[in-house]
Amino acid sequence: MQTTAEVVTLGEGAETAPSPKKNKMNRRRRNECIWGYVFIAPLCIGFLLFTAFPLVLSIGYSFTEYDLFSPPKFIGFGNFIEIFSSNTDWFLRSLLNALVFTIGVPLGALLSLVVAAMLVNISRGSTALRMIFYIPTICGSVALTFIWQWMFASHYGILWEFLENLGFHLTDDFGFLDEEHFMASMIFMGLWAGLGGGLLLFYSSLQSISRDLYDAAALDGAGPLTKFRAITLPGISPVLFYILLTGVVGSFQAFTQFQVMTGDIISEHTVMPVWWIYRYITGEWGYRYGFASAMGLLLGLILIIVSAIQFIASKYWVKY
């Protein structure tokens, strides 16, 4: 006698009776899919509400004149034309300042790599040192900026007194935060604050490189530079690419530390793109949401182009 799991012949149209085990598996898979969507729903909803929808809305506002108190008025590319006009050339100046600020990205990557290479060769105390270096990374940018504002202070700041003790006679005209030295000071602060994140990434990447490769290279007579070029650099290239990519994007989006360091006093030598956009959004220059959206869209396009160039160039030096 045939069971229900076997083939039941019903004339020409023979069908296979569904197996209870198969039904149970389908039910389990369906439940897994349902719970999967439930768990990713908060992230998806948050992305749609706070990223995708504002992005689409901002793109639409960039082609309008909108001040929050009256309906948007379509003006085409008027906002983008005004960005490049002479009376708003400070936005272009802010892009130049952001480009100068990115000098700290490769310098920070190099410094993190050097410190990470030193910690890899330390058998004791490496964990404690990594924790010490990483502490600034988890601190708030406002708190860090206030600390460095005090350190950069003239006459009584730590750096001022340190240079005085070394024999440098600083005059009253000198200041770490004046127009001539401001960007260099901000880069120096960024190197200190961002050292820990890059250090941990490089530390993990260096540990993943097999020591057998260095031993084989030593047997072949390879020197330190050859080992670095042929073994270390290819091994850490994905991490280096990630640090450079995110660092450049973060440099163009820097805002809080510049605003706090200057006391919200904007100038030609301190203005940054996001800070300039912020001035138009907060109403200091008339709640020009359309104009601010146009500048934000332009900044986003610049970052996309810069990132695309980095991805294209990575094909020639990043080894996965």
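The values are calculated or read from the model by the stated rules, or taken from the named source; none is laboratory data. Keep in mind it's a predicted model, so treat the numbers as computed, not measured. Backbone-built Cβ (ideal geometry, glycine too); neighbour counts: all protein chains shown.
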Scan of segment 94-109 for residues that are more than 17 Å from the chain's Cα centre (by Cα) and under 20 Å from G194 (Cβ atoms), ordered by number: N97
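Among the listed residues F53, F91, F101, F84, which satisfies the condition of being hydrophobic (A, V, I, L, M, F, W, C) and either on the phi > 0 side of the Ramachandran plot or outside the structural domain of E284 (by TED's automatic domain parsing) (or both)? Before the answer, list the steps.
Values: F91 fails: either on the phi > 0 side of the Ramachandran plot or outside the structural domain of E284 (by TED's automatic domain parsing) (or both); F101 fails: either on the phi > 0 side of the Ramachandran plot or outside the structural domain of E284 (by TED's automatic domain parsing) (or both); F84 fails: either on the phi > 0 side of the Ramachandran plot or outside the structural domain of E284 (by TED's automatic domain parsing) (or both).
Going through F53, F91, F101, F84 in turn, just one is hydrophobic (A, V, I, L, M, F, W, C) and either on the phi > 0 side of the Ramachandran plot or outside the structural domain of E284 (by TED's automatic domain parsing) (or both): F53.
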Residue satisfying all of: in segment 270-287; part of a loop (DSSP other than H, G, I, E, B) and either modelled with pLDDT under 90 or of a type in the set (S, T, Y) (or both); farthest from Y61 (Cα to Cα) among these: T270
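Just one of V114, V142, V105 is surrounded by fewer than 17 Cβ atoms within 10 Å (Cβ to Cβ) and in contact (Cβ under 8 Å) with a residue 12 or more places away in the chain; which is it?
Values: V114 fails: in contact (Cβ under 8 Å) with a residue 12 or more places away in the chain; V105 fails: surrounded by fewer than 17 Cβ atoms within 10 Å (Cβ to Cβ).
Answer to the selection: V142.
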All helices (runs of 4 or more DSSP H) inside segment 160-236 with 2 or more residues being closer than 21 Å to P106 by Cβ and within 26 Å of the chain's Cα centre (by Cα): 182-207
Subset of segment 241-263 [free of Cβ contacts under 8 Å to residues at least 60 places away in the same chain and of a type in the set (S, T, Y)]: Y242, T246
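Yes or no: Y280 out of contact with any strand residue (DSSP E or B) (no Cβ under 8 Å at 6 or more places or on another chain) and not assigned by TED's automatic domain parsing to the domain that holds F176?
Working: out of contact with any strand residue (DSSP E or B) (no Cβ under 8 Å at 6 or more places or on another chain): yes; not assigned by TED's automatic domain parsing to the domain that holds F176: no.
So Y280 fails the test.
Quick one: is F69 loosely packed, with under 11 Cβ neighbours inside 10 Å and either assigned by TED's automatic domain parsing to the domain that holds E268 or under 22 Å from the mean Cα position of the chain (by Cα) (or both)?
On the way: loosely packed, with under 11 Cβ neighbours inside 10 Å: yes; either assigned by TED's automatic domain parsing to the domain that holds E268 or under 22 Å from the mean Cα position of the chain (by Cα) (or both): no.
The answer is no for F69.
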Verdict on A230 being touching a helix residue (DSSP H, G or I) at 6+ places or on another chain (Cβ under 6 Å), surrounded by fewer than 17 Cβ atoms within 10 Å (Cβ to Cβ) and over 28 Å from V260 (Cβ atoms): no
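One line per residue, one yes/no per condition, for (1) in the same structural domain as L233 (by TED's automatic domain parsing); (2) of a type in the set (S, T, N, Q); (3) closer than 28 Å to R93 by Cα:
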site: P106; (1), (2), (3): yes, no, yes
site: S112; (1), (2), (3): yes, yes, no
site: R124; (1), (2), (3): yes, no, no
site: L129; (1), (2), (3): yes, no, no
site: W150; (1), (2), (3): yes, no, yes
site: L170; (1), (2), (3): yes, no, no
site: M189; (1), (2), (3): yes, no, yes
site: A193; (1), (2), (3): yes, no, yes
site: G196; (1), (2), (3): yes, no, no
Matching residues, segment 155-180, being without any contact (Cβ under 8 Å) to a residue 60 or more places away in the chain and either under 18 Å from A98 (Cβ atoms) or among the hydroxyl-bearing types (S, T, Y) (or both): Y156, T171
